[in-house]
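In what follows, a structure is listed as structure tokens, so that the remarks can point back to it.
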């Protein structure tokens, strides 16, 4: 059942933002011989839409007061990305770091993150990025909501809180339009990439965020989690094959000349496809 | 291991969740029925379509015509508009009762919303955003997914847990021809829902059935190199009855609606002709046009990777080439091209 014992309207809103660091995709290469991904040369960054989720949380805090907590799961080096989030304006940060969490699919990942959220406790709202740029499944936010047994709003571009009524209003993007929905708190919302303009870090918070602020690190044991539900053992899916994606054979025929000549030649090449239907 | 809800040997049937909005089927649902029919014929399974909503009975006949052996129709006034909780409750109850082997959903916003919730409730595996589906030698569903902007292609299995779930991107499977001669069983299932089962309310919804780039036969696509001038692209598109698409950069610049985005974070398209203007052609983009029959690329940078993904290549400024191209096409069509 929900861990949302909830802040009353006097204390404002307690938002937990889930974030992760991802390798910069343009710097990941495929090793043609071993057919594996080479991330060794890729630098990491905070997953794009997670920054939009953090910005949305900070705006809600500015409007209603309260607290913003950060939660991440990953190797110890993720701590520095959490500290960047603290410098942007978050109040506290938690990192779930344990080999037992590794190799998890979306079922095991959402299970572990939900456990971390329960351990932080007292939340009103969970905000996530819509999806990660490396996994790109978008399945973790609904998964967290199911484990916590709270409502979900996915693909939100705007989120507004009515803390006194214990409600949020959100605009969701759909094919060919949008909808505005109302959900009770506590709930989980995932935020679209580009939903807002994430702020730069606050210089006045920098020293505190980088050095003084505690980042709480949890292992599977410290959260008393059953290792069978985590990482690879807790993941129903397996990767059966990894291949370099075949690329379609294209003619790659260059057309030269003045723009007028290029246009004329091109029309001759594609005339079969541009006939009036 | 997380215990399966039911073991593989009790599971049977290939299910397709049919997404509809306002009584109209999503194109991807029809695409999935065609693929499901093909996989089911290969493996001797039956195809069951799951249709949830309100006043949607008229959609069962097209579901049968596109390949379903059986249609389960769940209607309730609380299902009039999609919200996660009541839809998840109804579909999960059907799965627990009937134990399907596989469940396919479209990777639309609401399809992914529902799939992510269901997979955790059913404690099973979900392969997200597949670009192809196949059966392996053991009859397991193999979901093909791309990673890192189409650089790799991975095959994902769910060996022990049922149903084996996958969401599939709109546009990756061709729409099958409806077979009016097909027959199927249409079964209305009882639905029990109370207000408390629908905690999220839709306050308002604004959707238009505008151009659908995933179904377009011809596409004119613009990127950074059009410098915001989508009007000329629209003029060209109108002339050849094409839809207008865009790269992520053009969408992020606010030049065109997100609906038009082609590529990994947008839509996969399969037009007969794509004219790609001023797009550099990173893999995140080219995944969206790889199934096009013919690709034309216009870009001022001769080194742009888009030329590796094109059949006809013009190294020039888009703004220089499009006006004479529009003229030349007008002349071609004027000369009794039809």
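What follows draws every value from the coordinates through simple rules; no lab data is involved. Computed from a predicted structure; not experimentally measured. All Cβ positions, even for glycine, are placed from backbone atoms using ideal geometry, and neighbour counts span all protein chains on display.
Spin-label pair residue A:24-residue A:77: with each label point 7 Å from Cα along the Cα-Cβ axis, the two points sit 1.4 nm from one another.
For region B:1-116, the relative contact order is 33 percent, taking Cα pairs closer than 8 Å that sit 6 or more residues apart in sequence and dividing their mean separation by the residue count. Evaluating kT/(6 pi eta Rh) at 10 °C and 1.306 mPa s, with the Kirkwood radius of region A:140-277 over Cα pairs in the Stokes-Einstein relation, gives 72 µm² s⁻¹. Semi-axes of the equivalent ellipsoid of region B:28-91 are 24, 12, 9 Å, computed as sqrt(5λ) over the eigenvalues of the C-alpha gyration tensor in descending order. Can you give the FRET efficiency for residue B:201 and residue B:61, using 1/(1 + (r/R0)^6), R0 = 45 Å, r = Cβ-Cβ distance, to the nearest 0.05? FRET efficiency, residue B:201 to residue B:61: 0.90.
What whole number of Å gives the distance from the Cα centroid of region B:130-201 to the Cα centroid of region A:220-277? Here the two parts' Cα centres lie 20 Å apart. Entry note, region B:218-334: relative contact order of 24 percent, from Cα contacts under 8 Å with a spacing of 6+ residues. Cβ crowding within 10 Å ranks B:89, B:35 as B:89, B:35, fewest other Cβ atoms first.
Counting pairs of alpha carbon atoms under 8 Å apart in space and at least six apart in sequence, what relative contact order in percent does chain A give? That works out to 24 percent. With an a/c value of 1.5 or above and a/b not larger than b/c for the gyration tensor axes a ≥ b ≥ c computed over the alpha-carbon atoms, region B:1-108 is described as oblate. Binning the alpha carbon pair distances of region B:267-338 at 5 angstrom intervals from zero yields the distribution 4, 17, 23, 21, 18, 11, 5, 1, expressed in whole percent.
With viscosity 0.692 mPa s and temperature 37 °C, the Kirkwood radius over alpha carbon pairs of region A:13-229 converts through Stokes-Einstein to a diffusion coefficient of 186 µm²/s. Just so you know, the Rg over Rh for region A:95-206 is 0.99, from Cα atoms, with Rh as the Kirkwood radius. For region A:209-260, what class follows from the C-alpha gyration tensor (a ≥ b ≥ c being the square roots of its eigenvalues): rounded when a/c is under 1.5, otherwise prolate if a/b is larger than b/c, else oblate? It is oblate, given that a/c is not under 1.5 and a/b is not larger than b/c. Between the helical axis of B:109-121 and the longest alpha-carbon principal axis of chain B there is an angle of about 30 degrees. Helix-only arithmetic for the protein assembly as shown: the sum of -39500 (n - 2.57) across DSSP H runs with n ≥ 4, divided by the residue total, places the mean residue ellipticity at 222 nm at -7500 deg cm²/dmol. For the residue pair residue B:6 and residue B:54, what label-to-label distance in nm results when each label sits 7 Å from Cα along the Cα-to-beta-carbon direction? According to this spin-label approximation, the distance is 3.0 nm. All C-alpha to C-alpha distances of chain B, sorted into 20 Å bins beginning at zero, yield P(r) values of 29, 51, 19, 1 percent in whole numbers. Exposure proxy for B:144, A:96: other Cβ atoms within 10 Å of each Cβ, ordered fewest to most, give B:144, A:96. Distance between the modelled labels on residue A:217 and residue A:11, one decimal in nanometres: 2.9 nm (7 Å Cα→Cβ projection).
Percent of C-alpha pairs per 10 Å bin in region A:38-137, short distances first: 13, 48, 33, 6, 0. Shape class for region B:197-297, computed from the alpha carbon gyration tensor (a ≥ b ≥ c): prolate, with a/c not under 1.5 and a/b above b/c. If one puts a single equal scatterer on every Cα of the protein assembly as shown and applies the Debye formula without solvent, what log₁₀ I(q)/I(0) results at q = 0.05, 0.09 Å⁻¹? Result of the Debye calculation: -0.23, -0.74. Once you wrap a convex hull around the alpha carbon atoms of region B:8-197, what is its projected area averaged over all directions, in nm²? So the mean shadow area of the Cα hull is 10.4 nm². Taking max minus min of the alpha-carbon positions on each principal axis, region B:157-205 gives extents of 40, 34, 28 Å, largest first. Computed from Cα atoms, the angle from the helix B:318-334 axis to the main principal axis of chain B rounds to 80 degrees.
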